[in-house]
Structures are given as C-alpha cells and as structure tokens.
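What follows is a single structure, written as structure tokens, with notes after it.
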Amino acid sequence: MKRRHPVRKTICVLLILMLCAAMSVGIFYGVKGYQMYQDAISLSSIEDRVDKIRGEEDFTKYSEMTDFYINAVISVEDHRFREHKGIDLIALCRAFWADIRSMSFREGGSTITQQLAKNLLFTQDKNLERKAAEVFAVMEIEAEYSKEEIFELYVNTASFGSGYEGIYAASTGYFGKIPSELTDYEAVVLAGVPNAPSVYAPGVDEGLVSLRAQQVLRSMVRNEVITQAEMDGMM
C-alpha cells in the first residue's frame, strides 16, 4: 500500500483546521449579527423607518432625479446593482482579499442595498458583527422593495458632507438647484461625495473634488454608460 506523503498529510490537516476555524468564526459573527439586526428592528421596523424617510418634506423620488445622476451613482458605487440580490459576491471577495493584503478592514465591498441597510439601522463603524447584521437587513429590504425604491431611499439617507443629508439637501445646498435641474457634471460631483464626504464635498478641496469626479466618469466609461469622448468633453 502506498503511504501518503507526510507533508501532504500535514497540509490536508491544516486546511481542514482552517476551514473549521473559518466556519466557527462565521457562525459566531452570524449569530451576533442576527442579534444586532433583531435589536435594531425591535426599536423600529424597517417599514416604519422607510415610511418616516418618505414622509420628509424634501424626500426626492426616483423619477425626480436625472438619469445621468442615477447612472453615475450606480456606476461608481455598485455597478451590478440591478442584477444582484443585495450582496455582490464578486465585490465582496475582492474587498476581502484587499483587506487581507493590507491587514486592515478598509474595504467593505458594500452594495447600495447594504449601504441603505447601514443608513437605516446601524452605525457607520466597520466591524464583522455589523457586516453580518447587514446581510439579514439586506434580505428583508430586497424582498420588500424594488431596485428603484432602494436607490431612492439610499440617496435620500446618504451623507453628502457639510451637514447635508440626502440628495435634495446636497443639490440645493451646493448648487442651488433641485436634483432634476443638475447638470451632468454637477451630478457626477454629487455621485462621488458619499464615499468620503469630508474629503470629496464641494468646497473642501476642489482638486480632490475634480479627481473624484474623474473617478466617477471613468467608472461610467468602464461600464459603458458614456464614451471616452463624452468624458473628455466634460473635463
């Protein structure tokens, strides 16, 4: 009988142990995340929170935003938004690998639905417990609301810096216009702000605002929303 090489045997044992450890960690944070989710909705359900947001005087509907703004946000934040069910596994794996390489928790791989869940229910702190809680919230949101509803709720709860919460406040505050009146370039600028409001908000550092706008436009070219010529004409 052919004996298994001791090195291979050791590798197999290590892989099994690593798999068991990963499963244990997943179960641990899954349970804690579910409890966090339950605690959040026990205070106020997602439906009640959504109704409150929609009742705000300046709530902006999907139909009241320009297509260019909508496409800019989706391109730079979550370009598979219309296809996935709230969790983008490709983006999640890419973010996880980036976190491993940097030995940090910088990348979240968050979809627009996940960001809405965070805005509705949780704090902005990055930790595994909250990320697990987001999954349960995302499942409920995706089951109850359309993609258009999810998008409009997200941009109405997003932070745009300078004390502006929501697209209406940002549009009128920065440009003196309601969202439907934004130029394409103004739409691009606002699409890039929520990623880091303290850095990319108009008036903070115009050089960084311009660089972020270029990032948004490049994402639109990459996702074939606009052409390179159209991008060049805007810069």
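Each label point was placed 7 Å from the Cα along the Cα-to-Cβ direction; for Ile27 and Glu83 their separation is 3.5 nm. A Förster radius of 35 Å, combined with the Cβ-Cβ distance separating Ser198 from Ala143, puts the computed FRET efficiency at roughly 0.55.
Does the stretch 136-235 come out rounded, prolate or oblate, given a ≥ b ≥ c as the square roots of the eigenvalues of its C-alpha gyration tensor, rounded meaning a/c under 1.5 and, failing that, prolate meaning a/b above b/c? Verdict is oblate for the stretch 136-235.
With the simple model of a label 7 Å out from the Cα in the direction of the Cβ, Thr227 to Glu181 spans 3.2 nm. Residue ranges 224-235, 130-141 sort as 130-141, 224-235 when ordered by packing (mean number of other C-beta atoms within 10 Å per residue, highest first). For the peptides 210-219, 35-44, the ranking by mean Cβ contacts within 10 Å, running from highest to lowest, is 210-219, 35-44.
Residue by residue, the stretch 216-231 carries 3J(HN,Hα) couplings of 5, 5, 5, 5, 5, 5, 4, 8, 6, 8, 10, 8, 4, 5, 5, 4 Hz when phi is fed to the Karplus relation 6.51 cos²θ - 1.76 cosθ + 1.60 (θ = phi - 60°); x denotes Gly or Pro.
Computed from the coordinates by the stated procedures, all read-outs in this text should not be read as laboratory data. Since this is a predicted model, take the numbers as computed values, not measurements. Methodologically, a virtual Cβ is constructed for each residue, glycine included, from the backbone with ideal geometry; neighbour enumeration extends over all protein chains shown.
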